[in-house]
1. Computed FRET efficiency, Cβ-Cβ of B:ALA50 and A:THR152, R0 35 Å: what is it to the nearest 0.05?
2. Can you put B:ASP119, A:ASP177 in order of accessible area, largest first, using a 1.4 Å probe?
3. Could you please state, rounded to a whole Å, how far the C-alpha centre of the stretch B:93-122 is from the C-alpha centre of the stretch A:128-199?
4. Excluding residues fewer than 8 places away in the same chain, name every one of the aspartates and glutamates whose C-alpha is closer than 17 Å to that of B:LYS124.
5. In whole angstrom, how far apart do the alpha carbon centroids of the stretch B:40-57 and the stretch A:29-96 sit?
6. On a 26 Å Cα-Cα criterion, which of the cross-link pairs A:LYS113/B:LYS177; A:LYS129/B:LYS67; A:LYS146/A:LYS196; A:LYS31/A:LYS113; A:LYS129/B:LYS105; A:LYS146/A:LYS226 come out too long?
7. Using a simple spin-label model with points 7 Å from Cα along the Cα→Cβ vector, what separation in nm is obtained for A:LEU223 and B:GLU147?
8. Suppose the Debye formula is applied to equal point scatterers at every Cα of the stretch A:149-192; what is log10 I(q)/I(0) at q = 0.14, 0.21 Å⁻¹?
Amino acid sequence: MTQKEALTEYLLRLADSDMILGQRLCELCGKAPALEEEMALMNVALDLVGQARNWYEYAAELIDDGRDADKLAFRRDAHDYRNLLLTEQPNEDYAVTMGRQFFYDAWHYFTLKSLVNASDERVAAIAAKALKEVTYHLRRSSEWVKRLGDGTEESHRRMQDAVDILWRFTGELITPDETDRLMAEAGIGPDPEQLKEDWRGLVKEVLQEATLTPQPDDAWMYLGGKRGEHTEHLGFILAEMQFLQRAYPDATTW
Amino acid sequence: MPQHGDTDPRSAVDKLIASDRVPADARTDQLTEADIWAILDEVKDPEVPAVSVVELGIVRAVHWDGKELSVDVTPTYSGCPATELIEELIEEALRAAGFRNPRIKQVLTPAWTTDWITDEGREKLRAFGIAPPQGSASKRSLLGESEVITCPHCGSTNTERVSEFGSTACKALYRCKDCLEPFDYFKCI
């Protein structure tokens with residue numbers, strides 16, 4: 001794999017994860033548990049889709065086969081998607097929605113914090129912009145995990161269930177593959193060991209404060225999203241998200 | 001017909017229509033960079049019409065050599081849906097002032113923060129009913145302690161946060177416990 005190929009792959013992972021989680025959050029538009037929560041969820045989704053566009057635009061320039069950001073988002077099938085499995089998991093109850101968000105935000109925060117110093121200027125610029133937004137996301141989702149975990153008996157039970165349901169998808173966030181290692185060597189991506197340590201440290205701290213118990217670090221983990229092997233949920237998300245562009249390719253007026 | 005460079009890709013009809021929009025006496029070659037900043041200062045933010053795109057710090061730079069004009073703009077948030085509209089409004093204002101081919105370029109570095117909002121912009125936000133960002137974004141840290149936000153209506157600091165996110169990505173929702181009015185707070189990022 002050349003460095004350019006690795007970078008393209010890496011950009012698509014960042015873009016796809018942002019895009020899919022943004023799409024998931026938007027499913028709550030019109031039916032979030034409270035008006036303020038709805039605005040917050042849609043704001044977070046908007047940030048993520050905006051960030052996805054920035055990563056897609058750069059990826060499209062590197063791929064250079066005539067496809068633009070929209071085509072990368074709306075005309076690739078599930079096996080070409082490189083998003084983390086965590087991001088495609090269903091919203092379920094609010095504990096799962098916020099638990100998923102917290103695990104992702106913690107990974108996103110440390111990843112972007114490292115990308116800000118990337119040797120690639122374009123990556124550094126996009127990351128600097130995104131990091132400000134994601135810092136806000138992380139603060140909010142960590143507060144929700146604490147509030148639900150250290151809340152009532154019922155909210156604690158549900159938040160603990162959410163941690164247990166989602167945990168098997170978190171290994172992928174901190175398990176590097178060849179692309180991750182090539183990016184770290186090129187001075188672009190984060191050092192995998194550092195990322196793992198930072199993520200685990202913060203997650204454990206927040207879960208402890210929330211009176212929640214994490215699963216063991218060596219628990220069995222699902223991997224594969226980064227190589228296009230997804231859970232059954234992704235196909236359904238894409239079917240809904242891509243419908244218009246598939247039915248009316250290149251339509252510019254709805 | 002005014003002279004266009006050979007590189008102008010527009011059709012003859014488009015060029016004709018564009019030239020018709022320009023007042024006959026518009027002479028951009030006499031305008032200075034300061035004049036251009038003044039024109040841009042008339043372009044209001046579509047979400048917060050009380051402040052201009054210059055006061056919000058969205059316009060980064062103006063490059064003008066007497067013939068070619070390009071303007072650097074930066075988005076406030078990665079996903080701000082107003083970004084494209086703002087770019088169109090800026091281009092429209094410049095064309096109306098006589099510039100035939102203004103180029104609007106999006107720049108990401110240095111990233112926009114609320115520190116880019118001018119003092120005048122902050123005062124106009126307050127008068128409009130939006131609490132301006134308090135303090136410096138660069139001093140904020142992750143999971144920072146909550147700030148004291150002043151109510152833009154009555155000036156009380158006895159306020160509470162209702163939601164981390166408000167009516168747009170750049171705002172949070174607050175409520176004043178003295179005058180009981182809800183208000184938007186321009187988030188400090």
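The values are calculated or read from the model by the stated rules, or taken from the named source; none is laboratory data. Given the structure is predicted, the values throughout are model-derived calculations rather than measurements. Methodologically, a virtual Cβ is constructed for each residue, glycine included, from the backbone with ideal geometry; neighbour enumeration extends over all protein chains shown. Surface accessibility is based on the protein's heavy atoms, side chains included, excluding ligands, DNA and RNA. Shrake-Rupley method; radii C 1.70, N 1.55, O 1.52, S 1.80 Å.
1. Taking R0 as 35 Å, the efficiency between B:ALA50 and A:THR152 is 0.20.
2. Reading off the accessible areas and sorting them downward yields B:ASP119, A:ASP177.
3. Between the Cα centres of the stretch B:93-122 and the stretch A:128-199 lies a distance of 35 Å.
4. B:LYS124 reaches B:ASP41, B:GLU42, B:ASP45, B:GLU47, B:GLU55, B:ASP115, B:ASP184.
5. What the calculation gives is 29 Å, centre to centre.
6. A:LYS113/B:LYS177; A:LYS129/B:LYS67; A:LYS31/A:LYS113; A:LYS146/A:LYS226
7. Taking the simple label geometry, A:LEU223 and B:GLU147 are separated by 4.3 nm.
8. Log10 I(q)/I(0), no solvent term: -0.52, -0.67.
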